[in-house]
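Peer 1: Before anything else, here's the structure in question.
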Ligand code: FRU
């Protein structure tokens with residue numbers, strides 16, 4: 001038998017708001033993130049869910065329908081405005097997703113280097129109406145003309161390029177659309193090894209949405225404007241760490257600063273890979289906490305390789321084509337390597353920062369399921385309080401934290417077969433949460449997961465089991481909550 005582990009108290013966080021341009025960066029500390037493992041039941045039979053059900057995605061059926069027979073889909077976001085309201089256009093709902101050809105001869109796990117931004121549409125129905133079992137999304141094709149996103153890299157040597165996540169904003173409800181996304185270039189030899197680190201550039205392309213009674217389509221997106229490259233000062237770059245993360249722009253207006261437009265994105269703390277720069281503040285323990293850790297011991301464990309942050313940038317012109325970095329709003333040094341697809345979500349005067357992370361990217365000594373995290377404060381830059389008992393966990397996959405992590409393509413035999421069932425959660429108006437299916441047992445996904453709903457109240461969230469069937473809603477239910485131009489059809 002293993003000795004009982006004792007857990008620390010979470011770090012106090014005031015939620016106090018700072019000016020968005022201030023140099024204050026909140027910390028998701030080791031003391032905070034260890035609250036996740038503190039909620040795990042060490043006595044469950046192997047392969048069950050050791051986490052509380054109110055923080056767990058319900059089991060997705062293994063016989064889930066494919067969103068589309070020809071393309072895999074993963075990270076998904078809606079057509080939206082700068083307030084994250086989800087828009088219908090002339091009676092159509094439109095979503096954007098990373099896509100890859102299911103029949104091109106590479107595996108689902110190799111999709112990232114082939115990712116193209118695709119779009120899907122379906123008729124907007126009154127809230128709660130049933131759609132086709134797979135969500136009823138019609139694949140419209142690639143958003144960008146072939147080759148357009150490659151031009152961003154100019155003469156930087158590369159062997160392949162890809163289009164990674166971001167956000168799509170319709171301006172003035174008139175079909176003019178700006179896509180903010182991550183342009184990726186890879187420079188690899190024939191065996192797939194990097195010759196030089198991948199290049200990630202936060203990029204914008206503009207196009208026009210058209211609709212008639214048969215569907216929607218896009219024109220434009222020919223010119224792609226590079227907006228931000230990691231500076232190596234606040235945001236780690238490829239020279240400092242070939243495995244740096246810099247992506248997933250989410251563009252929004254903060255009602256407290258309505259004259260500005262901001263962007264949150266995924267980054268890493270700048271500095272050389274593995275630099276011994278974690279501090280006692282990153283650990284976050286009270287001096288007399290019996291479960292506190294020694295800083296040097298933590299750094300000796302290799303935790304210095306995991307230093308995620310969530311970045312903030314501000315637009316410097318009205319056209320939102322010039323952007324400037326501000327200091328990160330959250331850092332997770334010696335906690336996790338990735339805080340992906342961040343979003344700012346407003347409710348009852350509070351600012352919620354949601355982000356996704358993997359079990360496999362946590363630092364040594366920190367554990368939690370694949371899923372979505374939440375932080376709450378009084379502004380976009382706050383001393384963010386991790387939700388749910390200071391842990392930060394909002395929804396995780398059914399996972400047995402007592403058993404090894406495994407991998408989506410190589411499940412650990414003792415692990416819950418749904419530990420990778422879904423990922424890339426995106427929180428929508430009304431607390432609806434969409435995600436994609438990665439692996440359920442040996443069946444791989446590449447389809448939209450059933451939508452679920454969380455009830456958000458102050459610094460807590462709970463899975464709403466009254467939604468759908470035992471908490472599972474329709475597959476890929478990503479509804480518009482605001483209608484722009486009226487429908488063509490009745
Ligand atoms: C999340 C993610 C994003 C990235 C994309 C690449 O699932 O890692 O951060 O943009 O997938 O496929």
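Peer 1: Test residue 417 against the stated conditions and say whether it is over 23 Å from residue 87 (Cβ atoms) and not in a strand (DSSP E or B). Write out each step before concluding.
Peer 2: Details: over 23 Å from residue 87 (Cβ atoms): yes; not in a strand (DSSP E or B): yes.
It is true that residue 417 is over 23 Å from residue 87 (Cβ atoms) and not in a strand (DSSP E or B).
Peer 1: Just one of (1) under 23 Å from the mean Cα position of the chain (by Cα); (2) under 28 Å from residue 34 (Cα atoms); (3) part of a loop (DSSP other than H, G, I, E, B) trips up residue 274, so point out which.
Peer 2: It is condition (1) that residue 274 fails.
Peer 1: Criterion first (surrounded by 23 or more Cβ atoms within 10 Å (Cβ to Cβ), more than 16 Å from the ligand (Cβ to nearest atom) and either in a loop (DSSP other than H, G, I, E, B) or in contact (Cβ under 8 Å) with a residue 60 or more places away in the chain (or both)) does residue 73 satisfy it?
Peer 2: Working: surrounded by 23 or more Cβ atoms within 10 Å (Cβ to Cβ): yes; more than 16 Å from the ligand (Cβ to nearest atom): no; either in a loop (DSSP other than H, G, I, E, B) or in contact (Cβ under 8 Å) with a residue 60 or more places away in the chain (or both): yes.
When the stated conditions are applied, residue 73 does not pass them.
Peer 1: Here is a further query. Report those strands (runs of 3 or more DSSP E) wholly inside the range 117-236 carrying at least 1 residues which are away from the ligand (no atom under 16 Å from the Cβ), under 26 Å from the mean Cα position of the chain (by Cα) and within 18 Å of residue 73 (Cα to Cα). Write out each step before concluding.
Peer 2: Details: elements: 138-142, 160-171, 176-188, 194-212, 215-228.
Fully inside the range 117-236 and qualifying: 138-142.
Peer 1: Kindly establish whether residue 107 is within 16 Å of the ligand (Cβ to nearest atom), out of contact with any helix residue (DSSP H, G or I) (no Cβ under 8 Å at 6 or more places or on another chain) and closer than 20 Å to residue 425 by Cβ.
Peer 2: Numbers: within 16 Å of the ligand (Cβ to nearest atom): yes; out of contact with any helix residue (DSSP H, G or I) (no Cβ under 8 Å at 6 or more places or on another chain): yes; closer than 20 Å to residue 425 by Cβ: no.
No, not satisfied.
Peer 1: Suppose the filter is buried (at least 16 other Cβ atoms within 10 Å of the Cβ) and at pLDDT 95 or above; does residue 84 pass it?
Peer 2: Details: buried (at least 16 other Cβ atoms within 10 Å of the Cβ): yes; at pLDDT 95 or above: yes.
When the stated conditions are applied, residue 84 passes them.
Peer 1: Report, by residue number, each residue of the range 5-61 that is part of a helix (DSSP H, G or I) and surrounded by fewer than 18 Cβ atoms within 10 Å (Cβ to Cβ).
Peer 2: Within the range 5-61, the subset part of a helix (DSSP H, G or I) is 30-38, 53-55.
38, 53, 54 - these are the residues of the range 5-61 that are part of a helix (DSSP H, G or I) and surrounded by fewer than 18 Cβ atoms within 10 Å (Cβ to Cβ).
Peer 1: Would you please list the contacts, defined by Cβ atoms under 7 Å and residues six or more apart or on different chains, that run from a residue in the range 137-162 that is under 24 Å from residue 197 (Cα atoms) to a residue that is outside any strand (DSSP E or B) and at pLDDT 95 or above?
Peer 2: Sorted first by the residue in the range 137-162, then by its partner, the pairs are 160/113; 161/149; 161/150; 161/153; 162/112; 162/113; 162/114; 162/115.
Peer 1: Among the residues of the range 303-321, how many are within 19 Å of residue 261 (Cβ to Cβ) and surrounded by fewer than 24 Cβ atoms within 10 Å (Cβ to Cβ)? Full working, then the answer.
Peer 2: So in the range 303-321, the residues within 19 Å of residue 261 (Cβ to Cβ) come out as 310-321.
If we keep only those that are surrounded by fewer than 24 Cβ atoms within 10 Å (Cβ to Cβ) as well, we get 313-321.
Total satisfying the criteria: 9.
Peer 1: Separate question: Within the range 245-266, how many residues turn out to be assigned to a loop (DSSP other than H, G, I, E, B) and away from the ligand (no atom under 12 Å from the Cβ)?
Peer 2: Of the residues in the range 245-266, the ones assigned to a loop (DSSP other than H, G, I, E, B) are 245-246, 253-261.
Keeping just the survivors that are away from the ligand (no atom under 12 Å from the Cβ) gives 253-261.
Number satisfying all stated conditions: 9.
Peer 1: Is it true that some residue in the range 272-291 is within 16 Å of the ligand (Cβ to nearest atom) and surrounded by 22 or more Cβ atoms within 10 Å (Cβ to Cβ)? It would help to see each step written out before you state the result.
Peer 2: To start, the set of residues in the range 272-291 that are within 16 Å of the ligand (Cβ to nearest atom) comprises none.
No, the range 272-291 has no match at all.
Peer 1: With the structure loaded, tell me whether residue 463 is modelled with pLDDT of 95 or more and either over 25 Å from residue 265 (Cβ atoms) or over 21 Å from the mean Cα position of the chain (by Cα) (or both) or whether it fails that test.
Peer 2: Numbers: modelled with pLDDT of 95 or more: yes; either over 25 Å from residue 265 (Cβ atoms) or over 21 Å from the mean Cα position of the chain (by Cα) (or both): yes.
The answer is yes for residue 463.
Peer 1: Pairs please, first residue from the range 242-260 and over 25 Å from residue 200 (Cβ atoms), second anywhere and within 16 Å of the ligand (Cβ to nearest atom) and not in a strand (DSSP E or B), Cβ atoms under 8 Å, 6+ apart in sequence or on different chains.
Peer 2: Partner pairs satisfying both residue conditions: none exist.
The values are calculated or read from the model by the stated rules, or taken from the named source; none is laboratory data. Owing to the predicted nature of the structure, the values given are computational and were not obtained by experimental measurement. Every residue, glycine as well, gets a Cβ built from its backbone with ideal geometry; the counts of neighbours run over all protein chains shown.
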